[in-house]
Amino acid sequence: MTERLKLVDAVIKYGDTPAINGVSLIARSGEMIFITGSNGSGKSTLTKGIAGLLPLSSGTLERTPKMSYVPQYEDADRDFPASAGEIVLTGTQRPGKLFTTRSDREAALSAMSALGIDGLSGKEIRTLSGGQLRRVFLARAVCGKPELLLLDEPCAGLDAHSHEVLFGVLRGLLSEGCAVVMVTHDISDIDGIPEARIIRISHGRIAGNE
Amino acid sequence: MNDILELLTYPFAYRALIAGSLISVCASILGVILVLKHYALIGHGLSEIGFASLSLSSALSVHPMYIAPPSVITASFIIMYVSRKYRTAGDTAIAIASSAALAFGIVVSSLSGTASNMSSYLFGSVLAVSEGDLLLAGVISVIVIASFIVLYNRFFLITYNEDYARTLGINTAVYQLIVSVLTSLVVVMGMKMTGTLLISGVMILPAVSAKIIAKGFRSLVIISGVISFGAFVFGLMMSFVFNIPAGAGVILSNTAVLILVKVLVKR
């Protein structure tokens, strides 16, 4: 299996305080890694570091450039004048690619359909519920056909049906060779995932790897 | 009406109409990004930095285009960088830079005895647009509109969520720089037409009105451009009819549109 992510001895600091301290992690194609731990243990900081939003104070990070990230909270204007379809389509953007193609639009529609939100394409994001918006961000992450998918508590705000739908989509991505790293409090989701591991984070360090 | 049409047969009037329309539309398109990214005050800050540059070029008897665009572009990039890096410091950075620049410009023009020349830049003189200005406005408009068409997806992405763009591996600083350069060019050109004191209104007001109406980013850009064009033409006509400064007429037209939209469109 191809390595999609290789993090070695990563340290991430806020000021002088390390929030992640010497974490190493490898994610291979078709593998799903559940990252769990108590609040404030450093889970979200770790995913932000992998996503490139926080610099590593030390250690190395190698990952596929075809990565998508769904943060716990989207740092964007909720009142931004954009339709759900426009937001999803941004997931197909890549460096060096300026224009969207018909296949990008088809991929965006297909991702929205897979997540059960194809009817929301023309709706303004300011009119969507929290759960609908969550699925819009998930569709955006999926439609770019990522090789590495980082999800920070993606099930927050999702009802049971949407949760099932999401895991159906994730199983499809895993079968296509994507590696998924998911921050979650609910490790029961591991059932039905063939290649899966649970990593427990405590005080910025790996406390368990199952 | 016939008087206005007859007036437009004069070269100074049609030059004002064409150059002003082009710059107004470009300013309003860029204004969409500035409003959505909460950089609304930047046009005002840059125009005052532009005023200082023009004072300096006037004192040194150098063509303004050699000094104003590089200074304004540099200032624009620094202000946007500071605003992005230290979110709460953005407005403070603009206030400091703009007041210091305005004071510098006033001192330079006063010491060099060119203060009377500078008043046209403070209040604008769209009717004094020369053939060269018209050509420059055309070139700047082509650059701004072409950039918007080619980089539309990038501008949308960095305006909506710069962090997400970075996770996709997109170099957001490059697009930030492009927006800074385009904004600076439009500000420098717009200063001559509407004046240092009013150019930020031409950038911001149409975008704010359009944001109330538009349901998506693309429609926001288009509606902003249309409002700006309409308000410019109406404001210019009013300036002909009532013999008032064109820049002020344009801003008052834009303000009237904003009030009208706010009253009529319920969201």
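A short reminder: the numbers here are calculations on the coordinates, not readings from a lab. Computed from a prediction, not measured in an experiment: that's the story for all the values here. Note that each Cβ is placed from the backbone with ideal geometry, even for glycine, and that neighbours are counted across all protein chains shown.
Once the dipole of chain A is set up with Lys and Arg at +1 and Asp and Glu at -1 on Cβ about the Cα centre, which of A:Leu138, A:Gly119, A:Val88 lies farthest towards its positive end? Going by the Cα projections, it comes out as A:Val88. With a cut-off of 19 Å on the backbone N, the residues of segment A:99-138 near the modelled label site 7 Å out from B:Lys266 along Cα-Cβ are A:127. Among rounded, prolate and oblate, which fits chain B when a ≥ b ≥ c are the square roots of the eigenvalues of its C-alpha gyration tensor, a/c under 1.5 means rounded, and a/b larger than b/c means prolate? It is oblate, given that a/c is not under 1.5 and a/b is not larger than b/c.
Once the Cβ-Cβ distance between B:Phe242 and A:Thr17 is put in as r, and R0 is 60 Å, what FRET efficiency do you end up with, to the nearest 0.05?
Values: r = 64 Å, r/R0 = 1.06.
Taking R0 as 60 Å, the efficiency between B:Phe242 and A:Thr17 is 0.40.
Relative to the longest principal axis of the Cα atoms of chain A, the long axis of helix A:130-143 makes an angle of roughly 80 degrees.
Relative contact order (percent) for chain B, with alpha-carbon contacts under 8 angstrom and 6 or more residues of separation?
Numbers: 397 pairs, mean separation 83.7, N = 267.
Dividing the mean separation by the residue count of chain B yields 31 percent.
With R₀ fixed at 30 Å, the C-beta to C-beta distance from B:Ala95 to A:Asp79 puts the FRET efficiency at about 0.75. With R₀ set to 56 Å, the beta-carbon distance separating A:Ser58 from B:Ser116 gives a calculated FRET efficiency near 0.35.
For segment A:62-108 versus segment A:7-51, the spacing of their alpha-carbon centroids is 24 Å. In the structure shown, the pairs A:Lys13/A:Lys145; A:Lys145/B:Lys37; A:Lys97/B:Lys85; A:Lys48/B:Lys85; A:Lys43/B:Lys37; A:Lys6/A:Lys66 are assessed against 24 Å; a Cα-Cα span above that value is assigned to A:Lys13/A:Lys145; A:Lys145/B:Lys37; A:Lys97/B:Lys85; A:Lys43/B:Lys37.
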